[in-house]
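Here's the structure we're looking at; comments come further down.
The values are calculated or read from the model by the stated rules, or taken from the named source; none is laboratory data. Everything numeric here is computed off the predicted structure, so don't read it as measured data. Neighbour counts are summed over all protein chains in view; Cβ atoms, including those assigned to glycine, are modelled from backbone coordinates with ideal geometry.
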Amino acid sequence: MDRRKFLQRGLAGAAGAGLISACGGGAGEESAAGPAVHTRKSVTWRLASSFPRSLDTIYGAAEVLADRVEAMSEGKFRIRCYPAGEIVPAVQVMDAAQQGTVQIGHTASYYFIGKNQALAFDCCVPFGMTSRQQAAWLIEGGGLELMRGVFADFGLTTFPAGNTGTQMGGWFNREINGPGDLKGLRMRIPGLGGQVMDRLGATVQLLAGGEIYPALERGAIDATEWVGPYDDEKLGFHKVAKYYYYPGWWEPGPSLSYHVNLAAWAELPVAYQEIFATAASESATVMQARYDQRNPAALARLLAEGVEMRPFSDDLMRAARDASFEMLEEHASADATYRKIYQSWKQARSDAYRWFGTAELAYSRFAFGDS
Ligand code: CA
């Protein structure tokens with residue numbers, strides 16, 4: 001029996017734990033012992049992350065992946081994780097995975113829209129979907145299949161790696177009462193959110209994580225976005241900007257990714273492919289849970305420090321939404337691949353909004369505001 005058929009039988013017949021024992025050659029089928037032993041070869045992969053170790057929720061997802069892969073393979077399949085800058089800089093991990101310098105790039109796909117604008121849909125776009133909605137589209141709505149078609153052009157495939165949940169709008173040194181207050185505002189905001197801010201009249205700055213605090217402190221910028229309370233607190237923005245606005249409409253549910261080199265994937269024993277996919281899925285669940293568990297306490301600490309938290313006004317949100325949709329439509333009219341993915345994503349978003357606008361919204365509105 002060939003290895004693939006054997007393993008598919010193992011999967012169908014015995015579920016997760018059974019698969020491991022089947023790999024050990026003890027599945028009760030003498031003929032399986034040979035190929036099963038073959039799948040137990042030792043494999044070591046390298047993972048280059050776009051994130052520093054200090055972002056322990058995001059970077060921690062890669063460590064969960066590595067730990068689970070090693071445990072499930074009984075130590076035979078190992079992944080060594082390297083934070084941003086150790087093998088390649090943060091914005092080169094896709095290239096490193098593509099070239100096979102590493103087998104996995106751990107990143108946010110929207111960092112790479114310079115290669116293909118459609119890569120943004122693997123992560124998020126302004127006024128896109130929330131964490132659960134994005135996961136539903138990717139995992140069950142055909143999104144991942146569409147995205148993998150784009151990644152295949154780069155010799156890569158992609159797996160969801162976790163989500164921050166809806167981000168905060170960030171730190172401002174003055175009040176922002178309407179869209180007019182964005183004119184001339186010097187804000188650090190990368191990617192598509194930055195492009196929309198630019199359309200709204202802001203002066204967009206691109207600064208790496210470590211450069212933001214000093215720029216805000218000396219008044220070289222007026223505002224910055226980052227992630228949410230737990231991550232923002234570590235960078236200390238509350239010490240140099242008084243106002244903490246929400247929501248980060250440019251990142252309502254950014255989904256991180258593992259970019260896996262396709263040639264390396266093809267060489268991986270099928271059992272290890274299953275282990276990888278399962279561990280990736282668990283790491284994504286753990287990452288979201290960590291954010292959801294740690295953000296409330298971090299927010300309470302920030303508020304105790306005197307931070308003033310404000311929602312963006314409805315007219316600012318409407319202006320930003322209009323500019324965002326205009327931008328997405330422009331990208332869609334310029335590129336057929338983008339258009340195809342955009343149409344699937346847009347339909348999913350519209351369906352999700354309709355459903356989430358009923359029970360989920362009514363409950364949230366009633367319960368959250370009252371706690
Ligand atoms: Ca952000």
Among the candidates 181, 222, 231, single out the residue that is acidic (Asp, Glu) and within 24 Å of residue 89 (Cα to Cα). 231
I'm told residue 239 meets every condition in (1) within 16 Å of the ligand (Cβ to nearest atom); (2) more than 23 Å from residue 47 (Cβ to Cβ) except one. Can you identify the failing condition by its number? (1)
List, please: which pairs have Cβ atoms under 7 Å, are six or more places apart or on different chains, and start with a residue in region 110-125 that is over 12 Å from residue 338 (Cα atoms) and without any contact (Cβ under 8 Å) to a residue 24 or more places away in the chain and end with one that is assigned to a helix (DSSP H, G or I) and of a type outside the set (D, E, K, R)? 112/94; 112/119
Of the numbered conditions (1) within 13 Å of the ligand (Cβ to nearest atom); (2) out of contact with any Ser or Thr (no Cβ under 9 Å at 6 or more places or on another chain), residue 264 fails exactly one; give the number of that condition. (1)
Could you grab me the full set of residues in region 210-262 that are over 18 Å from residue 58 (Cα atoms), under 21 Å from the mean Cα position of the chain (by Cα) and part of a strand (DSSP E or B)? 224, 246, 261
If we keep only residues of region 186-200 that are part of a strand (DSSP E or B) and within 16 Å of the ligand (Cβ to nearest atom), then the residue nearest to the chain's Cα centre (by Cα) is 188
Residue pairs within 6 Å by beta carbon, gap of at least six or interchain, first lying in region 289-310 and farther than 24 Å from residue 177 by Cα, second at pLDDT 95 or above and not in a loop (DSSP other than H, G, I, E, B), listed first then second, are 294/230; 295/229; 295/230; 298/229; 298/230; 298/233
Scan of region 145-185 for residues that are assigned to a loop (DSSP other than H, G, I, E, B), farther than 21 Å from residue 198 by Cβ, within 16 Å of the ligand (Cβ to nearest atom) and not small (Gly, Ala, Ser), ordered by number: 164, 166
